[in-house]
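In what follows, a structure is listed as structure tokens, so that the remarks can point back to it.
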């Protein structure tokens, strides 16, 4: 159990709000599609703050212009990985942006074990810090 | 006016270079037919000539004193291609509704400036000319830097796009807070504020501009305790966190030493104050580029240049110079908070930070098109007297690419620092969500916030405490834009 005010990992746009309903998720997807973004689904069982590359649930859906289609893919991903973190990410290919423009979590493990901080004392009062996932030492797929 | 011959450039070389004093316009600094080149640096000055000084002569004098002129004729001009070195005033118009003030448009050839040096550019453009006696006052309102010159600058070491990728934070403004009280906290007490704010939900904490290395807290102590707070909060939330470590110091050697220590401790960001000067800013920018560090710029002291409408340098010019010099964050005003700023004018500053190409936008004080030639974008920072109850106004004014800093609005929360951070983060997320759902946040904002407060006690407390606070003073720095053609001189 994490002790921050939300009790969960706070990555993404909406982690401080009550979990979004499917209707609310679809509205966010539609907003992105209206802006010309391409949606992508990613999942992981290692949500370390510096784990950049979650697994891709297929390529970004560049040609999918229908929020219902993205929702269908997301539900499939949830069924396949019910205990993983799953996030939706929107890509904007506009020159000068060419990056992610939206990102929020749509699925979480039932219990979020969180992280511990490892401190290595070096050179007087200096310290080397490492954030370690509590469940990360277990094999992939058996973490949550 | 009764001797028209004196009012134009003297073309006969012998007459032109006879020893003595000529009017600036006779020396070739006034060229009403001049067509600015794409490669020229263009400046718009607001000048207030002394009583009896002709505005055209005053404009020519500004062109002269900011380029090649001295007070008298010198024969050594004739050893040079002096025509191309002279800046040219090419248009003068009265400022609407401000008697005695004139806009003067001046063009500078590219050869006048050293590549990649803000110090050099400013030494010409705001050098001697600002003390020139025939003018009561002079203000550099705007500048167009040609693409050819822009490309000689490296710009922001990280840029707002890459910063978001590094921090893994997208689609919402970032949240910060400045540690308070500004002065007097010990390192240990200071780190407590950092930890509480970040664990509560902020992305960044911040040193204040005058926190360097005073008797109550030496810099190494601050850095050590702050990074303990940052790393603890990162583990507690699973989110990348940062705290702007202010490395401002008396000399470059000391600043480099502090920056190296910040890097060793794993900080993602460091901070400098504007008062360190352009050369130091460019040096620190190089250091940050080499060391994967985000550079936060606190514009301490800018008010001495920017605040008075008749004299100094507009912040939009400072913002352009800072983007070229290379910082990743820049304080650019709040419009709704306790510090100076007309909303449209402030939006103009934000556009300078964030757009690839600024179109002329007189209402927002942007007098020129400015092509940024793919130079990285700067993340503007809104800081000073803002609180959660204004979230809808802030997001409506500034969009997603901004850092909203609530110092008092976090630390002064009745439920404590973590509660203050939660209130701000919940307010932020619920307004972003509502906007994306198509709601009219400017009008429905207060209701959206109140609704969110039903599931979030800290937000309710924040709204109850500060909901009615606003700073409605008249702004001193509005754009005197020309809506219709005004009489030319």
Q.
Going through A:33, A:64 one at a time, which residue ends up being modelled with pLDDT under 95, touching a helix residue (DSSP H, G or I) at 6+ places or on another chain (Cβ under 7 Å) and within 24 Å of residue B:171 (Cα to Cα)?
A. A:64
(Q) For the range B:387-404: of the residues being within 19 Å of the chain's Cα centre (by Cα) and away from chain A (no Cβ under 12 Å), which is surrounded by the most Cβ atoms within 10 Å (Cβ to Cβ)? (A) B:404
Q. Is it true that residue B:267 is within 14 Å of chain A (Cβ to nearest Cβ) and in a strand (DSSP E or B)?
A. no
Q. Out of the range B:240-252, which residues are within 21 Å of residue A:119 (Cα to Cα), buried (at least 24 other Cβ atoms within 10 Å of the Cβ) and either at the interface with chain A (Cβ under 7 Å from one of its Cβ atoms) or out of contact with any helix residue (DSSP H, G or I) (no Cβ under 6 Å at 6 or more places or on another chain) (or both)?
A. B:242
**Q.** Every pair of residues 6+ apart whose Cβ atoms lie under 6 Å, when the first sits in the range B:417-442 and is under 13 Å from residue B:391 (Cα atoms) and more than 7 Å from chain A (Cβ to nearest Cβ) while the second is modelled with pLDDT under 95 and not in a helix (DSSP H, G or I)
**A.** B:424/B:406
(Q) So residue A:112 ticks every box in (1) within 9 Å of chain B (Cβ to nearest Cβ); (2) touching a helix residue (DSSP H, G or I) at 6+ places or on another chain (Cβ under 7 Å) but one. Which box is left unticked? (A) (2)
Q: Determine which single condition residue B:201 fails, assuming it passes every other condition in (1) in contact with a helix residue (DSSP H, G or I) (Cβ under 6 Å, 6 or more places away or on another chain); (2) modelled with pLDDT under 95.
A: (2)
Q: Residue by residue through the range B:216-239, note down the ones that are in a loop (DSSP other than H, G, I, E, B) and either under 23 Å from residue A:52 (Cα atoms) or within 13 Å of chain A (Cβ to nearest Cβ) (or both).
A: B:218, B:238, B:239
Q) With the range B:143-215 as the region, which helices (runs of 4 or more DSSP H) entirely inside it contain at least 2 residues that are more than 13 Å from chain A (Cβ to nearest Cβ)? A) B:147-150, B:187-200
Q: Count, please, the residues in the range B:127-141 that happen to be part of a loop (DSSP other than H, G, I, E, B) and at pLDDT 95 or above.
A: 0
Q. Within the range A:73-102, can you find the residues that are away from chain B (no Cβ under 12 Å), under 19 Å from the mean Cα position of the chain (by Cα) and within 17 Å of residue A:31 (Cα to Cα)?
A. A:74
Q. Limited to the range A:1-22, what total is found for residues that are facing chain B (nearest Cβ under 10 Å) and more than 22 Å from residue B:401 (Cβ to Cβ)?
A. 9
Q. For the range B:280-289, does any single residue satisfy the condition of being within 14 Å of chain A (Cβ to nearest Cβ) and either free of Cβ contacts under 8 Å to residues at least 24 places away in the same chain or in a helix (DSSP H, G or I) (or both)?
A. no
Q. Could you say whether any residue in the range B:59-66 is closer than 25 Å to residue B:152 by Cα and modelled with pLDDT of 95 or more?
A. yes
Q: Could you pull out the residue among B:34, B:29, B:17 that is farther than 30 Å from residue B:370 by Cβ and in contact (Cβ under 8 Å) with a residue 24 or more places away in the chain?
A: B:17
(Q) Which numbered condition in (1) modelled with pLDDT under 95; (2) surrounded by 16 or more Cβ atoms within 10 Å (Cβ to Cβ); (3) within 14 Å of another protein chain (Cβ to nearest Cβ) is the only one that residue A:49 fails? (A) (1)
Q. Quick one: which of A:70, A:106 is under 22 Å from residue A:46 (Cβ atoms), away from every other protein chain (no Cβ under 12 Å) and either surrounded by fewer than 16 Cβ atoms within 10 Å (Cβ to Cβ) or at pLDDT 95 or above (or both)?
A. A:106
Q | Residues (surrounded by fewer than 17 Cβ atoms within 10 Å (Cβ to Cβ) and more than 11 Å from chain B (Cβ to nearest Cβ)) located in the range A:23-45 | A | A:36
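Let's see how each residue does on (1) free of Cβ contacts under 8 Å to residues at least 60 places away in the same chain; (2) under 26 Å from residue B:245 (Cβ atoms); (3) out of contact with any helix residue (DSSP H, G or I) (no Cβ under 8 Å at 6 or more places or on another chain):
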site	(1), (2), (3)
B:296	no, yes, yes
B:309	no, no, yes
B:333	yes, yes, no
B:336	no, no, no
B:356	yes, no, yes
B:363	no, no, no
B:368	no, no, yes
B:378	no, yes, no
B:386	yes, yes, no
Q: Would you check if there is a residue in the range B:290-305 being more than 17 Å from the chain's Cα centre (by Cα) and assigned to a helix (DSSP H, G or I)?
A: yes
**Q.** Where residue A:55 falls short, out of the listed (1) surrounded by fewer than 18 Cβ atoms within 10 Å (Cβ to Cβ); (2) within 12 Å of another protein chain (Cβ to nearest Cβ)
**A.** (2)
Q: Please specify each residue of the range A:118-133 satisfying the condition of being surrounded by fewer than 16 Cβ atoms within 10 Å (Cβ to Cβ), at the interface with chain B (Cβ under 10 Å from one of its Cβ atoms) and touching a strand residue (DSSP E or B) at 6+ places or on another chain (Cβ under 7 Å).
A: A:118, A:119, A:122, A:128, A:130, A:132
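The values are calculated or read from the model by the stated rules, or taken from the named source; none is laboratory data. Everything quoted here is computed from the prediction, not taken from an experiment. FYI the Cβ positions are ideal-geometry reconstructions off the backbone, even for glycines, and counts take in every protein chain you see.
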